[in-house]
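> Below is a structure I'd like to ask you about.
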Amino acid sequence: DTTQFRIIANMDEGNFLSNENGFGVSIDNIYPAVPTGLMASMEDGSVVLSWDQPVDADFQYFTIYSNDELIGYSTESTYTENEYGEFEYYITATDANGNESDSSESINIQTYMLGDINYDGVLNVLDIVTLANIVLSAGEYVEVGDMNEDGVLNVLDIVTLANIVLSGECP
């Protein structure tokens, strides 16, 4: 909206008064504050992101990015995602006039599904075979293969994974 204005200044030398009115437009081009306090945790197999509340009076929404791709929006200071893999998250804030802040500090998290030895997001026979090869060759400890979470990879982990895959109750 165009606004009409007049300049009046009070100075040591006296008052100054413009004789003509001016016209102009007020534009909000001030970016919101960069979001702070970004944290990630795992809850029930999901990544839960949380961060500090917005500080700008004209705050509209947060934009959430994962691995440099837009994954969602939130008006709250939290977001939940159900993906497995390695992720780098960061967020921005946008105000009522569409001004977007710079990116927050990023946070990295690696998520996994217990038993998903090849990290493809699916529990299947390939995971059983890979886990069996690791156990039989006394290979390196793989946390996602420790089905009973006892700190040791052994035949019990293979049997547990096989029962889950064969039962069809894979997540």
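> Quick one: how many residues across region 26-79 are in a strand (DSSP E or B) and over 17 Å from residue 112 (Cβ atoms)?
Residues in region 26-79 being in a strand (DSSP E or B) and over 17 Å from residue 112 (Cβ atoms): 18 in total.
> Another question, then. State whether the residues of region 95-116 include one that is among the hydrophobic types (A, V, I, L, M, F, W, C) and within 20 Å of residue 165 (Cβ to Cβ).
yes
> Still on this structure, please answer the following. Filter region 56-114 for residues that are of a type in the set (D, E, K, R) and more than 13 Å from the chain's Cα centre (by Cα) and give the result.
56, 58, 95, 100, 102
> Something else about it: Just checking, how many residues over region 114-126 are at positive phi and buried (at least 16 other Cβ atoms within 10 Å of the Cβ)?
Residues meeting the conditions: 1.
> A further question follows. Find all pairs meeting these conditions: Cβ atoms under 6 angstrom apart; at least six residues apart or on different chains; first residue within region 70-83 and of a type in the set (Gly, Ala, Ser); second residue open to solvent by 80 Å² or more (accessible area, probe 1.4 Å).
These pairs meet every condition: 77/53.
> Being open to solvent by 50 Å² or more (accessible area, probe 1.4 Å) and not in a strand (DSSP E or B) is the filter; apply it to region 91-113 and report the residue that is farthest from residue 62 (Cα to Cα).
The residue in question is 112.
> Of the residues 5, 59, 16, only one is open to solvent by 100 Å² or more (accessible area, probe 1.4 Å) and hydrophobic (A, V, I, L, M, F, W, C); which?
Being open to solvent by 100 Å² or more (accessible area, probe 1.4 Å) and hydrophobic (A, V, I, L, M, F, W, C) holds for just one of 5, 59, 16, which is 16.
> Still on this structure: Output the number of the condition that residue 50 fails; it satisfies all remaining conditions of (1) exposed (fewer than 10 other Cβ atoms within 10 Å of the Cβ); (2) under 30 Å from residue 110 (Cβ atoms).
(1)
> Is it the case that residue 165 is β-branched (Val, Ile, Thr) and assigned to a loop (DSSP other than H, G, I, E, B)?
no
> Report, by residue number, each residue of region 48-106 that is acidic (Asp, Glu) and in contact with a Gly (Cβ under 6 Å, 6 or more places away or on another chain).
52
> Residues in region 126-156 that are within 32 Å of the chain's Cα centre (by Cα) and in a helix (DSSP H, G or I): how many?
Adding up the residues that qualify gives 8.
> Does residue 157 meet the test of being charged (D, E, K, R), open to solvent by 30 Å² or more (accessible area, probe 1.4 Å) and out of contact with any Phe, Trp or Tyr (no Cβ under 7 Å at 6 or more places or on another chain)?
no
> Looking only at region 32-44, count every residue that is surrounded by 13 or more Cβ atoms within 10 Å (Cβ to Cβ) and modelled with pLDDT under 95 and tell me the total.
The number of residues fulfilling the criteria is 1.
> Follow-up question, since we're still on this one. Being open to solvent by 40 Å² or more (accessible area, probe 1.4 Å) and among the aliphatic types (A, V, I, L, M) is the filter; apply it to region 127-144 and report the residue that is nearest to residue 73 (Cα to Cα).
129
The values are calculated or read from the model by the stated rules, or taken from the named source; none is laboratory data. This one's a predicted model, so the numbers in the text were calculated from it and none came from an experiment. Backbone-built Cβ (ideal geometry, glycine too); neighbour counts: all protein chains shown. In case anyone asks, the SASA skips ligands and DNA or RNA and just uses the protein heavy atoms, side chains included. Shrake-Rupley method; radii C 1.70, N 1.55, O 1.52, S 1.80 Å.
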